[in-house]
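*Asks:* This is the structure I want to talk about, given as structure tokens.
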């Protein structure tokens, strides 16, 4: 076989992103924390950029062939942001511009727990304040106050470190013995010693700590109630042997078994609400992460105003001294300094484009979901990335980068921008309904139901249909489970 080689010339079109463009896309996709890290790293690597601590913006960059600009954060009377078309897109070149002033914002979220969560929007009434000391430190401080041997202190420290995020001890004692024996081969440790030290820890504050199950944690908390309720013994027996009656809400059986009146059962269950199913929840290690909103939506009547949260914008500027030095023709390191000056300009422009694009996208989202901001989740519409891409004349992948890890604060709470992109659901008369809207309506129906006779999934389907949402019973059940709402049998109450 004869093999021939030849050279063939061929034309093809491909899109190649420059390094500066790749960096710009990376900045666009950064969350607030990631952006802070990028800025910190750039400040360390590039001498041409500095933090504008004093907010002095009197440096004229025009002599260095750099056009100046600022974020378009103004609005017209219709609440629409007046932005130009300089937003970053995959197929666009970006002119040099500089952004001037920026800082940080904090907002705290709410906290729900599973077992004691109501079916509505109410937040449970046990204390959710957090402490400055970690749970581990709190427990170790109590451990060292006990008159224990050195070996028992080692076991106690090991057990405290083994508690899960809820404050439970869920590992078999035999595993603890194996782990301790491996780490401390000179110590002779058995399961009885481990369980003895664990019982000490279970008496510590917070009540219920170190329990091996939810039932055991609640029993420990009931045992420590002061003053002692008259139903204490019955409640501990119920949790120890008949917890399934609580899960099934079989209150009649509880009445018969403990010879209680209906009012006494209700009083006991009301007492359960003061217990904490997650003993470790109030300590620093379990504190909910703070979210910094990037966009603020203000509402005055039916008018919505969309602005950037200016306090999160990094305060950066070109270093005046080094920029002047870079212009001198006869100077050592001139090429390096000019290169860093160019990189600094691109970096500042990338940051401005990030916020300019974010503002455009957020404004388009608010325009598309205006009913949600005015009327709540029930009015949520189906929305796709493609819809916003067409509205702001940007690439769909750019929209995806712009909303990734970004948050908006509004009258409905602090929400990730991805929250607003929900698929359209075919639900009879309301063609624009989203899954979020239907779940909100379903939640409302369940909140208003007779707790003595809760609605089955079939009845819920009929109630949704009456409100214009035609769904299958299977879909209704799926939405109910997504909302973490139990079945009708489990929702049944005496009151």
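For (1) surrounded by fewer than 20 Cβ atoms within 10 Å (Cβ to Cβ); (2) assigned to a loop (DSSP other than H, G, I, E, B); (3) over 23 Å from the mean Cα position of the chain (by Cα), each residue gets a yes or a no:
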site: 339; (1), (2), (3): yes, no, yes
site: 350; (1), (2), (3): no, no, yes
site: 354; (1), (2), (3): no, no, no
site: 365; (1), (2), (3): no, no, no
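*Asks:* Among the residues of the range 222-241, what is the count of those that are out of contact with any helix residue (DSSP H, G or I) (no Cβ under 7 Å at 6 or more places or on another chain) and part of a loop (DSSP other than H, G, I, E, B)?
*Replies:* 5
*Asks:* Return yes or no: is residue 295 modelled with pLDDT of 90 or more and over 30 Å from residue 164 (Cα atoms)?
*Replies:* Working: modelled with pLDDT of 90 or more: yes; over 30 Å from residue 164 (Cα atoms): yes.
Taking the combined requirement at face value, the residue satisfies it.
*Asks:* Also: Looking at (1) under 23 Å from residue 32 (Cβ atoms); (2) surrounded by fewer than 22 Cβ atoms within 10 Å (Cβ to Cβ); (3) touching a residue at least 40 places away in the same chain (Cβ under 8 Å), which one does residue 378 not meet, given that it meets all the others?
*Replies:* Of the numbered conditions (1) under 23 Å from residue 32 (Cβ atoms); (2) surrounded by fewer than 22 Cβ atoms within 10 Å (Cβ to Cβ); (3) touching a residue at least 40 places away in the same chain (Cβ under 8 Å), the odd one out for residue 378 is (1).
*Asks:* So if I check each of 165, 205, which one is surrounded by fewer than 14 Cβ atoms within 10 Å (Cβ to Cβ), under 30 Å from residue 487 (Cα atoms) and touching a residue at least 24 places away in the same chain (Cβ under 8 Å)? If you could, list the steps in order and put the result at the bottom.
*Replies:* Details: 205 fails: under 30 Å from residue 487 (Cα atoms).
After ruling out the rest, the residue left standing is 165.
*Asks:* I've got another one for you. For the condition within 32 Å of the chain's Cα centre (by Cα), in the same structural domain as residue 161 (by TED's automatic domain parsing) and without any contact (Cβ under 8 Å) to a residue 24 or more places away in the chain, what is the one hit in 275, 246?
*Replies:* On the way: 275 fails: without any contact (Cβ under 8 Å) to a residue 24 or more places away in the chain.
246 is the lone residue from the list that is within 32 Å of the chain's Cα centre (by Cα), in the same structural domain as residue 161 (by TED's automatic domain parsing) and without any contact (Cβ under 8 Å) to a residue 24 or more places away in the chain.
*Asks:* Given 181, 115, 104, which one is surrounded by 12 or more Cβ atoms within 10 Å (Cβ to Cβ), over 21 Å from the mean Cα position of the chain (by Cα) and modelled with pLDDT under 90?
*Replies:* Details: 115 fails: over 21 Å from the mean Cα position of the chain (by Cα); 104 fails: over 21 Å from the mean Cα position of the chain (by Cα).
Sole residue among the options that is surrounded by 12 or more Cβ atoms within 10 Å (Cβ to Cβ), over 21 Å from the mean Cα position of the chain (by Cα) and modelled with pLDDT under 90: 181.
*Asks:* For the range 264-273, enumerate the residues that are over 25 Å from residue 212 (Cα atoms) and buried (at least 17 other Cβ atoms within 10 Å of the Cβ). Talk me through it step by step, then tell me what you get.
*Replies:* Within the range 264-273, the subset over 25 Å from residue 212 (Cα atoms) is 264-267.
Passing the criteria: only 265.
*Asks:* Among (1) at pLDDT below 90; (2) at positive phi, which single condition is residue 270 missing?
*Replies:* In the conditions (1) at pLDDT below 90; (2) at positive phi, residue 270 misses (2) alone.
*Asks:* Collect the residues in the range 430-448 that are assigned to a loop (DSSP other than H, G, I, E, B), surrounded by fewer than 17 Cβ atoms within 10 Å (Cβ to Cβ) and in contact (Cβ under 8 Å) with a residue 24 or more places away in the chain, keeping them in residue-number order. Let's see the steps before the verdict.
*Replies:* First, the residues of the range 430-448 that are assigned to a loop (DSSP other than H, G, I, E, B): 430-432, 448.
Now narrow it down to the ones that are surrounded by fewer than 17 Cβ atoms within 10 Å (Cβ to Cβ): 431-432, 448.
Of everything in the range 430-448, just one residue is assigned to a loop (DSSP other than H, G, I, E, B), surrounded by fewer than 17 Cβ atoms within 10 Å (Cβ to Cβ) and in contact (Cβ under 8 Å) with a residue 24 or more places away in the chain, namely 432.
Residue-wise test of (1) in contact with a strand residue (DSSP E or B) (Cβ under 7 Å, 6 or more places away or on another chain); (2) over 29 Å from residue 142 (Cβ atoms); (3) exposed (fewer than 15 other Cβ atoms within 10 Å of the Cβ).
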| residue | (1), (2), (3) |
| --- | --- |
| 216 | no, no, no |
| 222 | no, no, no |
| 226 | no, no, yes |
| 232 | no, no, no |
| 241 | no, yes, yes |
| 245 | no, yes, no |
| 253 | no, yes, yes |
| 259 | no, yes, yes |
| 262 | no, yes, yes |
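*Asks:* Next question, about the same structure. Applying the selection to the range 406-417, what residues are outside any strand (DSSP E or B) and either modelled with pLDDT of 90 or more or not assigned by TED's automatic domain parsing to the domain that holds residue 34 (or both)?
*Replies:* Step one: filter the range 406-417 for residues outside any strand (DSSP E or B), giving 406, 411-412, 417.
Of everything in the range 406-417, those that are outside any strand (DSSP E or B) and either modelled with pLDDT of 90 or more or not assigned by TED's automatic domain parsing to the domain that holds residue 34 (or both) turn out to be 406, 417.
*Asks:* In the range 478-490, how many residues are part of a helix (DSSP H, G or I), surrounded by fewer than 18 Cβ atoms within 10 Å (Cβ to Cβ) and either in contact with a strand residue (DSSP E or B) (Cβ under 8 Å, 6 or more places away or on another chain) or touching a residue at least 12 places away in the same chain (Cβ under 8 Å) (or both)? Steps first, answer last, please.
*Replies:* Pass one, the range 478-490, residues part of a helix (DSSP H, G or I): 478-482, 488-490.
Checking which are surrounded by fewer than 18 Cβ atoms within 10 Å (Cβ to Cβ) leaves us with 478, 481-482, 489-490.
So of that shortlist, the ones also either in contact with a strand residue (DSSP E or B) (Cβ under 8 Å, 6 or more places away or on another chain) or touching a residue at least 12 places away in the same chain (Cβ under 8 Å) (or both) come out as 482, 489-490.
Of the residues in the range 478-490, 3 are part of a helix (DSSP H, G or I), surrounded by fewer than 18 Cβ atoms within 10 Å (Cβ to Cβ) and either in contact with a strand residue (DSSP E or B) (Cβ under 8 Å, 6 or more places away or on another chain) or touching a residue at least 12 places away in the same chain (Cβ under 8 Å) (or both).
The values are calculated or read from the model by the stated rules, or taken from the named source; none is laboratory data. All values derive from a computational prediction rather than experimental measurement. Cβ coordinates were reconstructed from backbone atoms using ideal geometry, including for glycine residues, and neighbour counts include every protein chain displayed.
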